[in-house]
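Worksheet: one structure, shown below.
Where a number appears in this text, it was derived from the coordinates with a stated rule and is not lab data. This one's a predicted model, so the numbers in the text were calculated from it and none came from an experiment. Neighbour counts are summed over all protein chains in view; Cβ atoms, including those assigned to glycine, are modelled from backbone coordinates with ideal geometry.
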Amino acid sequence: MNFLAHLFLSGLPAEASYADVLVGNFIADSVPGKQLENYAPAIQTGIRLHRAIDTFTDQHPVVRRSTQRLRAAGYGKYAGVISDVFLDHFLAAHFSEYSAESLPDFTQRVYALLTSRQQEMPAHVQYFLPYMVQHNWLLGYAHLEGIGRALTGLSRRASAGSGMETAALELQANYAAYEADFQEFWPELQGYVREWV
């Protein structure tokens, strides 16, 4: 769900396996279990990296603080998904603090790379990638309106009554608390990914 964070944590463009790792990290949620063995080794690395990031994030006490706040606000089992989207918002909003590349330049470079490799992706990803590019999801995450659109889209695929379409209002109401959680958590996630690689 948090595409921007996963793509950003895929390494540096100068690294020989960067493109494959980025593709793997991007498609990982659509590659169940051992199906990763159908992909080239560096794409498998990206899929494993994605899974490692998800596990680290889900178990981290700061993220659990965010999800507990969301559960208290009534989002129940969707708190983790919403928290992931919030993380993408704060990464986008603070992108210049973590990257010498601007967010618009990063998004256009990544879109071009992903589009050039689209035929290698699972059918579900091939389907939504053009929408992601056309509507510039990654850049949109920097604004509350973009987060609202993303959460509304997710709510259409969730169980009735998920309430996800209102979660941007929760973000707005408790913005400082979620931002503080991000700023505490993100450097630890970056450190974990550096050690993992």
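What the table shows:
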read-out: Selection status of S159, surrounded by fewer than 16 Cβ atoms within 10 Å (Cβ to Cβ) and either more than 24 Å from F185 (Cβ to Cβ) or in contact with a strand residue (DSSP E or B) (Cβ under 6 Å, 6 or more places away or on another chain) (or both); value: yes
read-out: All helices (runs of 4 or more DSSP H) inside the stretch 40-156 with 2 or more residues being in contact (Cβ under 8 Å) with a residue 60 or more places away in the chain and surrounded by 20 or more Cβ atoms within 10 Å (Cβ to Cβ); value: 41-59, 61-72, 79-93, 103-116, 137-140
read-out: The stretch 1-16 residues that are in contact (Cβ under 8 Å) with a residue 60 or more places away in the chain and over 13 Å from R194 (Cβ atoms), paired with ones that are crowded, with 21+ Cβ neighbours inside 10 Å and of a type in the set (G, A, S) (beta carbon under 8 Å, 6 or more apart); value: L4/A92
read-out: Selected residue [out of contact with any Gly (no Cβ under 9 Å at 6 or more places or on another chain), at negative phi and of a type in the set (V, I, T)] from T55, T67; value: T55
